[in-house]
Each structure stands twice: as C-alpha cells, then as structure tokens.
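See below for the structure under consideration.
The values are calculated or read from the model by the stated rules, or taken from the named source; none is laboratory data. Since we're looking at a predicted model, the values are computed, not measured. Backbone-built Cβ (ideal geometry, glycine too); neighbour counts: all protein chains shown. Surface accessibility is based on the protein's heavy atoms, side chains included, excluding ligands, DNA and RNA. Shrake-Rupley method; radii C 1.70, N 1.55, O 1.52, S 1.80 Å.
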Number of protein chains: 2
Amino acid sequence: MHAYVYVSLKKSVLDPQGKTIQGALKKLGYRGLEDVRQGKYFEITLNGGLSQAEAEAEVERMAREVLTNPVLEEFRFSLED
Amino acid sequence: MHAYVYVSLKKSVLDPQGKTIQGALKKLGYRGLEDVRQGKYFEITLNGGLSQAEAEAEVERMAREVLTNPVLEEFRFSLED
C-alpha cells in the first residue's frame with residue numbers, strides 16, 4: 001500500500017521560493033501564470049502489516065506530528081493500494 | 001484553474017533524504033513503514049487566459065523544461081478547475 005502526503009505552506013504564509021520560481025518562469029516566457037507555490041511531497045510505502053484503517057491513522061499521525069510544521073504548513077494525504 | 005505538478009526522484013536514484021526521514025519515523029515508533037521517498041510539489045494558479053488544452057501544454061512544458069531535472073527526476077501533473 002502507498003501513502004502520498006502533500007505538505008504545503010498555509011495560504012496566509014508568504015512563499016518567497018514560489019515567487020522566485022514564478023518570476024523565473026515568467027521571464028522565460030511561459031504564459032498564463034498567476035501564482036506558484038512550492039510544497040513537499042512524501043511517498044510512503046507501507047508493508048502489509050496494517051489494515052486500511054490502521055494505515056490511515058498511522059499516516060495521518062506521521063504527517064501531523066512529524067512531516068508538517070503546524071505553525072506554517074498544512075497537509076493532505078491519500079492512500080492507494 | 002489550478003495545476004499541480006509532482007516531481008519525484010526516479011526509482012533508480014537513491015534518496016538519502018527519504019531514507020533519513022524513514023529512519024527517524026521508525027525510531028519514533030511509527031509502524032508499517034517500508035520505504036519513504038521525498039519529492040517536490042508545485043501548485044500553479046493559472047489566469048483565465050488559456051484554454052484547457054493550452055494550459056495543459058504550457059504546464060507540461062514548464063514541468064519538463066524547468067521544474068524537473070530530467071537526469072534524476074520525473075514528474076506528473078494534474079489540472080483542476
């Protein structure tokens with residue numbers, strides 16, 4: 001089973017790295033850009049030892065307690081077989 | 001319209017950062033882990049100036065030419081209204 005955790009800065013937090021990427025893309029001539037924000041993404045492979053519900057709880061706990069800085073970031077995750 | 005670009009290391013490339021996170025999570029007592037890999041994730045807001053097909057082509061081009069290092073990384077993306 002695979003879990004995908006997406007961590008991004010909260011909307012209220014400035015993202016200078018994203019702004020820099022946006023500026024670079026614009027300078028390079030790419031069209032249609034309004035905003036770019038960068039985040040992190042974790043691909044977690046789970047061994048078969050957990051049930052679907054246990055895996056969901058465990059991944060949610062990892063994301064909340066370790067992978068995300070709750071002051072600045074928010075996360076979402078999905079599980080796939 | 002929003003575009004989400006996910007960039008990850010190719011399967012054949014070692015990911016020491018992911019391995020470190022995996023070790024840390026294991027030490028902290030999280031169960032069920034087999035592998036962790038870290039990637040980047042870009043959330044791109046597009047202005048309304050492009051059609052769906054144009055936006056798709058433009059985002060694919062940005063991801064391929066700028067956001068991804070083709071030697072080490074691969075990407076996938078999705079568009080949402």
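In the Gaussian network model of chain A, springs joining C-alpha atoms below 10 Å, which of A:48, A:18, A:29 carries the largest mean-square fluctuation?
Comparing A:48, A:18, A:29 in a Gaussian network model of chain A, the most mobile one is A:29.
Give the accessible surface of the protein assembly as shown per residue, rounded to a whole number of Å², with probe radius 1.4 Å and ligands, DNA and RNA excluded. Don't jump to the answer; show the numbers that get you there.
Numbers: 8870 Å² over 162 residues.
Dividing the accessible area of the protein assembly as shown by its residue count gives 55 Å².
Where does helix A:16-27 land angle-wise versus the long Cα axis of chain A, in degrees 0 to 90, nearest 10?
Its long axis makes an angle of about 50 degrees.
Could you compute the FRET efficiency for residue A:13 and residue A:51, with r as their C-beta to C-beta distance and R0 at 41 Å, rounded to 0.05? All intermediate terms of the calculation are to be shown ahead of the outcome.
Numbers: r = 35 Å, r/R0 = 0.87.
The computed FRET efficiency comes out at 0.70.
Relative contact order of region A:2-80: what whole-number percent is it, with Cα pairs under 8 angstrom and at least 6 residues apart? Could the numbers behind the result be given before it?
Working: 90 pairs, mean separation 42.3, N = 79.
About 54 percent, as a whole number.
Quick one: how many Å² of residue B:12 are accessible to a 1.4 Å probe, rounded to 10?
Accessible area of residue B:12: about 110 Å².
Which pairs break 23 Å Cα to Cα here: A:19/B:40; B:11/B:40; A:40/B:10; A:11/B:11; A:11/B:19?
Details: A:19/B:40 15 Å; B:11/B:40 15 Å; A:40/B:10 16 Å; A:11/B:11 32 Å; A:11/B:19 29 Å.
Pairs exceeding 23 Å: A:11/B:11; A:11/B:19.
Taking the Cβ of residue A:70 as the centre, find all other residues whose Cβ is under 12 Å away and add up their charges (Lys, Arg: +1; Asp, Glu: -1). Before the final figure, lay out the partial values.
Details: positive: A:10, A:64; negative: A:65, A:73, A:74.
So the surrounding residues net to -1.
Report, to the nearest 10°, how far helix A:52-62 tilts away from the longest principal axis of the Cα atoms in chain A, using its own Cα long axis and a range of 0 to 90°.
50 degrees
For region B:33-43, in order, what is each residue's ³J(HN,Hα) by Karplus, 6.51 cos²θ - 1.76 cosθ + 1.60 with θ = phi - 60°, in whole Hz (x at glycine and Pro)?
Once rounded to whole Hz, the list reads 6, 10, 7, 10, 10, 10, x, 10, 8, 10, 10.
Ignoring ligands, DNA and RNA and using a 1.4 Å probe, state the total buried accessible area between B and A in Å², rounded to the nearest 100. All intermediate terms of the calculation are to be shown ahead of the outcome.
Numbers: alone 6070 and 6070 Å², together 8870 Å².
Buried area (both sides, nearest 100 Å²): 3300 Å².
How much of the accessible area of the protein assembly as shown, probe 1.4 Å, is carbon plus sulfur, in whole percent? It would help to have the intermediate numbers written out before the result.
Working: 4770 of 8870 Å².
Of the solvent-accessible surface of the protein assembly as shown, carbon and sulfur hold 54 percent.
Once fully extended, how much extra length lies between residue A:60 and residue A:76, figured as 0.36 nm per residue of separation less the alpha-carbon to alpha-carbon distance? Don't jump to the answer; show the numbers that get you there.
Values: separation 16, 0.36 × 16 = 5.76 nm, distance 0.86 nm.
Length gained, residue A:60 through residue A:76: 4.9 nm.
Using label points projected 7 Å from each Cα along Cα→Cβ, tell me how many nm separate residue A:24 and residue B:69, to one decimal.
Distance between label points: 1.1 nm.
Which one of A:38, A:53, A:2 is farthest out on the positive end of the charge dipole of region A:2-80, using unit charges on Cβ (Lys, Arg +1; Asp, Glu -1) and the Cα centre as origin?
Going by the charge dipole, the pick is A:38.
How many angstrom separate the Cα center of region A:6-69 from the Cα center of region B:16-46?
11 Å
Give me the net charge of residue A:59's neighbourhood, meaning all other residues with Cβ under 12 Å from the Cβ of residue A:59; Lys, Arg count +1, Asp, Glu -1. Spell out each step's value before the answer.
Values: positive: A:61, A:64, A:76, B:31; negative: A:43, A:54, A:56, A:58, A:60, A:65, A:80.
Counting the neighbours of residue A:59, the net charge comes to -3.
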